[in-house]
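Here's the structure, in structure tokens; my notes come after.
The values are calculated or read from the model by the stated rules, or taken from the named source; none is laboratory data. Quick caveat, the model's predicted, so the values are computed rather than measured. Cβ sites come from the backbone with ideal geometry, for glycine too, and all protein chains shown count toward neighbours.
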Amino acid sequence: MDKAAVGAILHEIGLLLELRGENPFKVRAYYQAARVVEGLTEDLAELVRTGRLGELAGIGPALQEKIATLVTTGRLPYYENLRAQVPPGLLEFLRLPGLGPRKVQVLYRELGLTTLDELAAACRAHRLRDLPGFGAKTEEKILAGLEWLAKNRGLHLWATAAAAAAELKEALLALPEVLTVEVAGSIRRAEEVVRDIHLVAATENPLVVGEAFLRLPLLDMGRRETLERIAAVLKAGIPVELWLAHPEEFPGRLLYLTGNAGHLTALGARAAELGLKLDERGLCRGGERLFLASEEAIYAALGLEYVPPELREGGGEVEAAAAHELPPLVEISEIRGALHVHTSASDGVADLAEMARTAAALGWEYMGIADHSQSAAYAGGLKPDELIVQWEAIAAHNRAGGRPYLLAGIEAEISSDGSLDYPDEILARFDYVVASVHSHFHLDRAAMTARIVRALQNPYVTVLGHPEGRILLERAAYAVDMEEVLRAAAASEVAVEINASPYRLDLDWRWFRRAREMGLVFWINPDAHSPGELAQLPYGLNVARKGWLTPAQVANTWSLAELKDRWAKRRGREA
């Protein structure tokens, strides 16, 4: 069992213990262990094999034994027993806004509710409003949350689906009959959530490849729909489609299975103008198939620049490609560092030195440390005296020539009234300030907008963190007038974060083109709480590319000298 699966089980154990009302310290130990395991940069199986689990922060003997059992056997009786004692529907309840473990316990104990259908019926019958801690508004929020859950059913995080697709691709490439394989569909377009996995394999023997694919242990079920198409479902529950294409038809099939309907419609219209026809195998002229060597060659035959997969959304990219006006999208090689990184000083699992070592291995020129601010007691927010200790550690690292260069920042809480939780004399001492909302998500649209706008007007705020506050497939974005927020950020010269956590990917890429028109600059930040999470930054890069962003619009491409110069000039204007 890999680290992602082990981490997910440890996290679920924490939830199950919390639902049972267990000791909060025990609950937190499992949540912390899950984060440590998921953020590992070393191989978990190797740590188990060499008996080095005890080197991990917060992993005591009992947890070491459970992790080792999971890794070596793929099962954990303790976890299975816990699951058997808690109705499975109660875990679903926790995905709804306003329902924490204590309230879920009340619903189960007082009303015997165990399924989402039962919960919906109880809300409609107004059976919750007289329970302690509930009310009419709670019922309304739960019903709205149930509607949101239904809309998102069957969706999977991009990172989860992409990792599964990569495993399938590797397994297919191991077959001697397979010449090449590519992931297509919404994963290749880097959609933040996806319904399924599409793969295209080039082979001259589709019968043999299809049969071998259906025997892969990753699959739960599968069937051959046609000689060319296999439909299956992974054990993880993600549907899969494998298309087996003759090598000459591979580029056309890949192109057709990557673009969304809008993109293909625009390409089809372009082809018709040129006396051509686009179908699932590529281009035709009359009854003659045009076998072109690559996707680039197909776009060129249509008189178009090559359209990167992330842009193939039917949003004007074909027209821009015809006019040779596609922007040069930002590349991972141009990224020099990031700002939003947590350490064990607040709620991270590794100290400053370990995070720095990992960032250095990634080739970063600089890294910004932005632990939580003092009002975030739930995340070990730093008091003023703790800030001084961290500032001294950062200064010592830089004096010693440590790599990467460290910047002293903070993730400051935006209070419900829009104020920050340090006085200006402390805020002025940070190299930068990421201002974020972590509470009071229930505010109405006007109040939430005013709250964030006021924070952006603070002269010490440098970056607006995860602007919409969404947790993909778990929590909807809060109500906010994003147009007004972006205008306020532009007016105050505050950058906007692209939070690269696979659970956030926030700001939503659909806002980027509007934000660019306002002259806004973006920071792609990993929001890392462990060394392994520093590697999340490419997820945010996907989002930036999807939003048509160029290197000039992404602050991570700035050198350290340019970064310091820009911040110095901005503060000089504020003084």
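A few remarks follow.
- Test for residue 133: is it among the small types (Gly, Ala, Ser), buried (at least 16 other Cβ atoms within 10 Å of the Cβ) and either in contact with a Gly (Cβ under 8 Å, 6 or more places away or on another chain) or modelled with pLDDT under 90 (or both): no
- In this structure, residue 99 qualifies as assigned by TED's automatic domain parsing to the domain that holds residue 145, within 25 Å of the chain's Cα centre (by Cα) and not acidic (Asp, Glu).
- Selection within the range 275-314 - modelled with pLDDT of 95 or more, small (Gly, Ala, Ser) and more than 17 Å from residue 250 (Cα to Cα): 275, 303, 314
- Some residue of the range 416-425 being assigned to a helix (DSSP H, G or I) and either more than 30 Å from the chain's Cα centre (by Cα) or not assigned by TED's automatic domain parsing to the domain that holds residue 446 (or both): yes
- A single entry from 118, 204 fulfils the requirement of being of a type in the set (Asp, Glu) and either under 25 Å from the mean Cα position of the chain (by Cα) or farther than 30 Å from residue 243 by Cβ (or both): 118.
- Criterion: assigned to a helix (DSSP H, G or I), under 30 Å from residue 100 (Cβ atoms) and out of contact with any Phe, Trp or Tyr (no Cβ under 8 Å at 6 or more places or on another chain) - qualifying residue of 446, 489: 446
- Per the listing 468, 493, the residue uniquely touching a strand residue (DSSP E or B) at 6+ places or on another chain (Cβ under 6 Å) and of a type in the set (D, E, K, R) is 468.
- Filtered by the rule that a residue be buried (at least 20 other Cβ atoms within 10 Å of the Cβ), under 23 Å from the mean Cα position of the chain (by Cα) and in a helix (DSSP H, G or I), the range 353-388 gives 355, 356, 358, 359.
- Residues located in the range 136-150, provided they are surrounded by 14 or more Cβ atoms within 10 Å (Cβ to Cβ) and of a type in the set (D, E, K, R): 139, 141
- Residue within the range 350-363 that is on the phi > 0 side of the Ramachandran plot and among the small types (Gly, Ala, Ser) present: yes
- Considering only residues in the range 521-575 that are aromatic (Phe, Trp, Tyr) and in contact (Cβ under 8 Å) with a residue 60 or more places away in the chain, the one that is farthest from residue 403 (Cα to Cα) turns out to be 548.
- Annotation: residue 552 fulfils all but one of (1) assigned to a strand (DSSP E or B); (2) aliphatic (A, V, I, L, M); (3) surrounded by fewer than 18 Cβ atoms within 10 Å (Cβ to Cβ); the unmet one is (1).
- From the list 55, 65, the lone residue that is acidic (Asp, Glu) and at pLDDT below 90 is 55.
- The range 307-332, residues that are touching an Asp or Glu at 6+ places or on another chain (Cβ under 6 Å), in a loop (DSSP other than H, G, I, E, B) and crowded, with 17+ Cβ neighbours inside 10 Å: 307, 326
- Here residue 239 meets each of (1) surrounded by 14 or more Cβ atoms within 10 Å (Cβ to Cβ); (2) in contact with a Gly (Cβ under 8 Å, 6 or more places away or on another chain) with one exception, condition (2).
- Hits in the range 119-170 (condition: out of contact with any strand residue (DSSP E or B) (no Cβ under 8 Å at 6 or more places or on another chain) and among the polar types (S, T, N, Q)): 138, 160
- Options 554, 543, 463, 485; residue that is in contact with a helix residue (DSSP H, G or I) (Cβ under 7 Å, 6 or more places away or on another chain), over 30 Å from residue 94 (Cβ atoms) and either at pLDDT 95 or above or not acidic (Asp, Glu) (or both): 554
- The helices (runs of 4 or more DSSP H) falling completely within the range 48-119 that include 1 or more residues that are touching an Asp or Glu at 6+ places or on another chain (Cβ under 9 Å) and closer than 24 Å to residue 471 by Cα map to 89-93, 101-111.
- Within the range 499-525, if we keep just the residues that are surrounded by fewer than 24 Cβ atoms within 10 Å (Cβ to Cβ) and part of a loop (DSSP other than H, G, I, E, B), the residue that is nearest to the chain's Cα centre (by Cα) turns out to be 502.
- Some residue of the range 327-349 being without any contact (Cβ under 8 Å) to a residue 24 or more places away in the chain and under 30 Å from residue 558 (Cα atoms): yes
- Exactly one residue out of 430, 441 is assigned by TED's automatic domain parsing to the domain that holds residue 506, modelled with pLDDT under 95 and either in contact with a Leu (Cβ under 8 Å, 6 or more places away or on another chain) or at negative phi (or both): that is 441.
- Which listed residue is farther than 20 Å from residue 129 by Cα and in contact (Cβ under 8 Å) with a residue 24 or more places away in the chain, from 80, 65, 55, 92: 92
- The range 76-102, subset in contact with a helix residue (DSSP H, G or I) (Cβ under 8 Å, 6 or more places away or on another chain) and within 23 Å of residue 443 (Cα to Cα), residue modelled with the highest pLDDT: 93
Residue-wise test of (1) of a type in the set (Lys, Arg); (2) under 19 Å from residue 366 (Cβ atoms).
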position: 469; (1), (2): no, no
position: 472; (1), (2): no, no
position: 475; (1), (2): yes, no
position: 482; (1), (2): no, no
position: 495; (1), (2): no, yes
position: 505; (1), (2): no, no
position: 515; (1), (2): no, no
position: 531; (1), (2): no, yes
position: 543; (1), (2): no, no
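- Leading residue by the ranking (surrounded by the most Cβ atoms within 10 Å (Cβ to Cβ)) among those in the range 176-214 that are touching a residue at least 60 places away in the same chain (Cβ under 8 Å), in a strand (DSSP E or B) and of a type in the set (A, V, I, L, M, F, W, C): 184
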